[in-house]
1. Show me the ranking of peptides 113-123, 238-248, 213-223 by mean Cβ neighbours inside 10 Å, starting with the highest.
2. Going highest first, how would you order 13-19, 162-168 by mean Cβ packing within 10 Å?
3. Would you tally the net charge around Trp46, using a Cβ to Cβ cut-off of less than 9 Å, leaving Trp46 out, and scoring K and R as +1, D and E as -1?
4. Count the net charge of all other residues whose Cβ sits under 13 Å from the Cβ of Lys120, scoring Lys and Arg as +1 and Asp and Glu as -1.
5. What residues have an amide H closer than 5 Å to that of Ser41, excluding those fewer than 5 places away on the same chain, when H is modeled at 1.01 Å from N in the peptide plane?
6. Looking at the square roots a ≥ b ≥ c of the eigenvalues of the Cα gyration tensor of region 138-285, which shape do they give, rounded for a/c under 1.5, prolate if a/b is larger than b/c, or oblate?
7. Just flag the chymotrypsin sites (Phe, Trp or Tyr not before Pro) in region 245-314 sitting in loop per DSSP whose Cβ has no more than 11 other Cβ atoms within 10 Å.
8. Enumerate the calculated ³J(HN,Hα) couplings along region 222-228 in order (Karplus 6.51 cos²θ - 1.76 cosθ + 1.60, θ = phi - 60°), each rounded to whole Hz, writing x wherever the residue is Gly or Pro.
Amino acid sequence: MDKNSQKLTCWVVSEGMAGTENQCLGVAKALGITPVIKRISLNLPWNILSPYVGFEMNATFTPKLEGPWPDLVIASGRKAVAAARFIKKKSKGKTFTVFLQDPKVLPSHFDLVAVPFHDKMRGQNVLITDGAPNKITLDSLNSAKNEFSVAFSKLNAPRIAVLIGGTSKAHKMTTEVTKKLCHQLNNIDASLMITASRRTGEENLKVIQKECGNDKNFIWDGSNKNPYLGILAWADYILVTADSTSMISDAATTGKPTYIIPLDGGSSKFDIFHTHLKNIGAVREFSGSLEKWSYAPLTDAADIAHVIKEKMGV
């Protein structure tokens with residue numbers, strides 16, 4: 001890592017949502033920077049106004065944003081639009097501002113905007129990535145493989161990571177879909193490493209535990225440290241439900257065969273995302289059987305970091 005970039009002062013600014021904050025942290029990690037994390041909320045009336053309004057001031061934010069201003073801001077999330085714009089103004093343009101995901105305002109408000117392929121925003125200072133940036137690297141996978149060796153080394157190979165999201169605005173995970181998935185998984189001669197989310201729902205979780213809960217498999221029950229990265233590290237194959245851009249991106253960052261588990265519903269935005277990753281060979285749709293193949297792992301965080309260093313001259 002370039003020593004000059006490691007000397008940069010950096011703030012990660014978000015509204016505290018894990019998904020968006022982790023994207024920012026992934027870019028900071030790719031730069032070799034340990035950032036200061038600023039989790040902000042907007043005060044009245046800014047919390048009900050459109051980000052387009054743009055008359056931010058000291059009273060806009062809780063906690064207050066005060067100097068000395070950093071060399072770099074990496075921001076994401078609706079509320080962070082105002083914060084990044086405010087910091088750029090107060091620093092008299094000296095702070096290099098990066099916004100991840102579509103800010104829904106003109107990209108010219110920032111020095112760099114990075115959006116995944118399926119977002120519509122385009123522009124001179126807009127970088128298009130394949131998926132969502134994240135903190136996953138070969139080193140982090142190797143470390144997680146060692147950390148979780150006791151839990152996963154005893155499972156029979158091949159090991160299948162099953163990353164389950166659930167019902168969202170665009171998708172619906174029904175008990176019928178869950179039962180079909182469990183039936184397909186049980187017909188494969190492999191060990192399962194299953195992790196579910198809050199969106200999976202109690203009924204679906206009960207189906208998974210009933211159908212797939214045995215000594216041959218691992219189902220995370222929410223206790224002890226989250227084994228998510230360990231599951232990715234030990235997996236020979238990765239299956240991810242169609243609703244999660246971040247988990248699909250995480251899986252494709254490993255370079256391992258990644259399958260998308262179909263759910264009911266969908267949207268044109270997700271269709272574009274899934275199709276793009278299929279076109280570059282990173283994912284396939286799961287229909288009950290598995291094949292080995294290779295592809296170039298996603299490097300979205302590193303790609304964004306490279307452009308930041310280029311533009312900042314470090």
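We did not get these values from a lab; they are worked out from the coordinates using the rules stated. What you are looking at is a predicted structure, and each value in this text was computed from that prediction instead of being measured. Positions of Cβ are generated from backbone atoms using ideal geometry, with glycine treated the same way; all protein chains shown enter the neighbour counts.
1. Details: 113-123: 18.1, 238-248: 24.2, 213-223: 13.7.
Packing order, densest peptide first, comes out as 238-248, 113-123, 213-223.
2. Values: 13-19: 18.1, 162-168: 22.1.
Listed from highest to lowest mean packing, they are 162-168, 13-19.
3. Values: positive: Lys79; negative: Glu56.
Around Trp46, the charge tally is 0.
4. Working: positive: Lys104, Arg122, Lys269; negative: Asp102, Asp119.
Residues close to Lys120 contribute a combined charge of +1.
5. It is Thr62, by chain and number.
6. Numbers: a/c = 1.68, a/b = 1.18, b/c = 1.42.
Taking the square roots of the gyration eigenvalues as a ≥ b ≥ c, region 138-285 is oblate.
7. On the way: sites: Tyr259, Phe270, Phe273, Phe286, Trp293, Tyr295; in loops: Phe286, Trp293, Tyr295.
Those that pass, being in a loop and sparsely packed, are Trp293.
8. Once rounded to whole Hz, the list reads x, 8, 6, 5, 4, x, 3.
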